[in-house]
1. Considering every pair of different Cα atoms, what Kirkwood radius, in Å, is found for the range 8-174?
2. Identify, among L56, L132, Y86, the residue whose Cα sits farthest towards the positive end of the charge dipole of the chain, taking +1 on the Cβ of Lys and Arg and -1 on the Cβ of Asp and Glu, with the dipole about the Cα centre.
3. Cross-link candidates for K81: which aspartates and glutamates have Cα within less than 16 Å, leaving aside residues fewer than 8 places away along the same chain?
4. With θ set to phi - 60° and the Karplus curve 6.51 cos²θ - 1.76 cosθ + 1.60, what are the ³J(HN,Hα) couplings of the range 49-59 in order, to the nearest whole Hz, using x for Gly and Pro?
5. Can you pull out the trypsin sites (Lys or Arg not before Pro) in the range 52-154 whose DSSP state is coil and whose Cβ has at most 12 other Cβ atoms within 10 Å?
6. Work out which GluC sites (Glu not before Pro) in the chain are exposed loop sites (DSSP not H, G, I, E or B, at most 12 other Cβ within 10 Å) and give the longest gap free of them.
7. Under a Cβ-Cβ cut-off of 12 Å, what is the net charge of the residues other than K44 that fall near it, where Lys and Arg count +1 and Asp and Glu count -1?
8. Give the long-range amide H neighbours of K71: residues separated by 5 or more places, or on another chain, with amide H under 5 Å away, using H modelled in the peptide plane at 1.01 Å from N.
Amino acid sequence: MIIATSTETVAFIAAGAALLGGVLGAIAGGLSEYFLERHRNKTKARAGARLVRSELLTAAEQMWSAEQSSKWKLWFDFSMKTWDGYRDSLAAALKPEPWGTVDEAVRGVRGLDIGIERLDRYGTPTTAEPALEANSVRAFTVQRGRVRSAYDALAPLAKGAKASGEFGKDRQAMS
């Protein structure tokens, strides 16, 4: 059986096939880009959760030291430098409650860093380890509890364990 077709019909079929191919290619490319971007965002959020947890653990260790010695050490680092690079990814990846827990803890830790900076800049410490009043030691204990909550809130995203033992006392207890 021979089907007679005109040149116009062949051109119409070819144009339709090309159009369909272009649309399907655009859809496939868009879906591919969507899934790749989603994977990149998840990977960045997981890396951020791990890095922020590491800094939270370091902060907890320094707070534990201050609680035990009742001394504020000017070399403590509560800057939480990785926070700026991963805050947006963590905000997108975490649900509101864990996000609030983490954000509050990080702001509290950074507040300690500002305190150290001001003491170093404007105070006249006679020692690198000024003594802490009892209420300041209690404040460290409260803040360390917030840091532990943030550490635990990031655990599922980081695919890590929650804190165990006396958080900040012994790094091995955190693994």
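Derivation of every value follows stated rules applied to the coordinates shown; laboratory data play no part. Remember, it's a predicted structure, so these values are computed and weren't measured experimentally. When we count neighbours, we look across all protein chains shown, and the Cβ atoms used for this are built from the backbone with ideal geometry, even at glycine.
1. Details: mean 1/r = 0.0536 Å⁻¹.
With all distinct Cα pairs of the range 8-174 included, I get 18.7 Å.
2. Selected residue: L132.
3. Output for K81: E55, D103, E104, D113, E117.
4. Couplings: 4, 5, 5, 5, 4, 4, 5, 5, 5, 4, 4 Hz.
5. Numbers: sites: R53, K71, K73, K81, R87, R107, R110, R118, R121, R138, R144, R146, R148; in loops: K73, K81.
Loop-located and lightly packed - K81.
6. Values: sites that count: E133, E166.
Longest stretch, sites excluded: 1-132.
7. On the way: positive: R38, R40, K42, R46, R50, R87; negative: E37, D88.
Every neighbour counted, the sum reads +4.
8. Counting only residues 5 or more places away or on other chains, the set is L132.
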